[in-house]
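Asks: Structure incoming, see below.
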Amino acid sequence: MRVLSGIQSSGKLHLGNYLGAMRQHIELQEPHDCFFFIANYHSLTTVQDAKLLRQLTLDVALDYLALGLDPNKAKLFRQSDIPEVTELAWILSTVTGMGLLERATSYKDKVAKGISPSMGLFGYPLLMAADILIYRSDWVPVGKDQVQHIEMTQDMAGYFNTTFGREVLKRPEAKLNEAMIVPGVDGQKMSKSYGNAINLFDSPAETKKRIMSIKTDSTPVADPKNPETCNVFALYRLLARPDEVSALRERYLKGGMGYGEAKTMLAEVVECVLGPARQRREALVKDPSYVQDVLVTAARKARAVAQEVMEDVRDACGIVTARIPLPSGERVG
Ligand code: AMP
Ligand code: TRP
């Protein structure tokens, strides 16, 4: 199967990104043909500071590699190294009705949060559809918040194929995992922009402090507690081994344990996952040319696929290009 997903470089990555998306990406790299990219064109809808965007783009690459993405198995690249996606986004915009985009809940949520309703923000799903369709992706592993965008992508593939009378674009499927919506410290969906995130690569002390601040109810220590409604337990069950999860569940139901102790246990399992990743990340930061090499090598492979699909797209819709060669040959990266 061809698997594709993207993560925006729009802020520090958090446990929601890892448990909702990246962990699944890393698991899929073994048996499948994986394309994972840093959606830096998408980030421009919210980050409009060149120095910051450059740094955040590199940070996503470092985070992925530190968490276990193996560049020999999966392709990890920058969206901006595949300029054809912006061309396909334009072509898709000509076959997509305004009504479809107007129904996007993510657009409405972002505007409600005060993000400027630019044309780019409104057209965000077109670029996302182009990202997916340009590699003829089968599966798109994402968190639940992105499912509507994948459904819109399916619609856009259909509009294109119907309009031009050819099955050029392949309809992808969303692939969800158990961690569909990871709660933040306040119990709402964990998000870069809600101020409720537990970041992946803060210092151990900061991470622990953040975990200790998770909102819980006021059930007294001696009383039984409901694991199903507890934010601490929700995170613990996504990170701990099944036997550890059942042990904690029993302690909740029995009573006699305070939330402070559950938080300390959560901090320990978080550190088990993030501690080794933090060390790998520190080593990678010192080797920028390795990281650059990973991104460029993958972009070259991804771009070859994108260019082939774009030939079919242009042919189907009658767009002619002269293929004027660059004076100094191809430049990727
Ligand atoms: P973003 O940071 O918006 O680019 O999201 C990157 C990936 O992380 C997407 O697949 C999201 O669905 C996923 N994601 C972000 N926040 C959460 C969350 N709180 N729970 C589950 N998945 C999430
Ligand atoms: N919109 C996605 C998010 O915010 C990021 C993204 C951009 C993406 N292009 C994509 C995800 C293509 C999957 C496939 O999480």
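A short reminder: the numbers here are calculations on the coordinates, not readings from a lab. From a predicted model like this one, the values you see are computed outputs, not experimental measurements. Using ideal geometry, Cβ is built from the backbone for each residue, glycine included, and neighbour counts are taken over all protein chains shown.
Asks: Going by C-beta contacts inside 10 Å, put Thr207, Thr219 in order with the fewest on the left.
Replies: Sorted ascending by nearby Cβ count, the order is Thr219, Thr207.
Asks: Starting from the amide H of Gly255, placed 1.01 Å from N in the peptide plane, find each other amide H under 5 Å away whose residue is 5 or more places distant or on another chain.
Replies: The list, which skips near neighbours in sequence, is Lys225.
Asks: Any aspartates and glutamates with Cα under 14 Å of the Lys192 Cα? List them, leaving off those in the same chain fewer than 8 positions away.
Replies: Candidates past the 8-residue exclusion: Asp109, Asp145, Asp202.
Asks: Averaging over every viewing direction, what projected area does the convex hull of the Cα atoms of segment 260-333 cover, in nm²?
Replies: Over all viewing directions, segment 260-333 projects a mean Cα-hull area of 9.5 nm².
Asks: 7 Å from Cα along Cα→Cβ at both Lys215 and Glu27: what's the point-to-point distance in nm?
Replies: 2.9 nm
Asks: Next question, about the same structure. Would you mind computing, in nm to one decimal, how far apart the modelled labels at Glu102 and Asn72 are, each placed 7 Å from Cα along Cα→Cβ?
Replies: In this crude spin-label approximation the distance works out to 5.4 nm.
Asks: Roughly what % antiparallel, to the nearest 5, for the DSSP beta bridges in the chain?
Replies: Antiparallel bridges make up about 10 percent of those DSSP assigns within the chain.
Asks: Give the long-range amide H neighbours of Lys175: residues separated by 5 or more places, or on another chain, with amide H under 5 Å away, using H modelled in the peptide plane at 1.01 Å from N.
Replies: The answer is Val140, Val142.
Asks: Moving to a separate point now. Given Cα pairs under 8 Å that are at least 6 residues apart, what percent is the relative contact order of segment 1-149?
Replies: Averaging sequence separation for qualifying contacts and normalising by length gives 35 percent for segment 1-149.
Asks: Given the rule -39500 (n - 2.57) for each run of at least 4 DSSP H residues, summed and divided by the residues of the chain, what is its mean residue ellipticity at 222 nm, to the nearest 500 deg cm²/dmol?
Replies: Computed mean residue ellipticity for the chain: -16000 deg cm²/dmol.
Asks: With the alpha-carbon atoms as the only input, what is the per residue convex hull volume for segment 204-284 in Å³?
Replies: 83 Å³
Asks: Can you compute the modelled spin-label distance between Gln279 and Asp186, with each label point 7 Å from Cα toward Cβ, in nm?
Replies: Simple spin-label model gives 3.6 nm for this pair.
Asks: Which residues does a label at Met1 reach in segment 162-187, if reach means a backbone N under 18 Å from a point 7 Å past the Cα toward the Cβ?
Replies: Output list for this probe position: 170-180.
Asks: Taking Cα pairs under 8 Å and at least six residues apart, what relative contact order does the chain come out at, in percent?
Replies: Here the relative contact order equals 22 percent.
Asks: Considering Cα pairs under 8 angstrom that are at least six residues apart, work out the relative contact order of segment 204-284 and quote it in whole percent.
Replies: Reported relative contact order: 39 percent.
Asks: Just to compare against my own numbers: the Cα pair-distance distribution for the chain, 10 Å bins, whole % per bin, please.
Replies: Reading upward from the zero bin: 5, 24, 31, 23, 11, 4, 1, 0.
Asks: Just subtract the alpha-carbon distance of Thr163 and Gln292 from 0.36 nm times their residue separation and send over the number in nm, one decimal.
Replies: Contour length minus Cα-Cα distance gives 42.4 nm.
Asks: Shifting gears a bit: Collect residues whose amide H, placed 1.01 Å from N in the peptide plane, falls under 5 Å from the amide H of Lys189; neighbours closer than 5 in sequence don't count.
Replies: Gly184
Asks: Kindly put Thr94, Thr46, Thr264 in sequence by how many other C-beta atoms sit within 10 Å of each C-beta, fewest to most.
Replies: Thr94, Thr264, Thr46
Asks: Turning to a different aspect of this structure: As a footprinting exposure proxy, order Trp139, Trp90 by other Cβ within 10 Å, with the fewest listed first.
Replies: Trp90, Trp139
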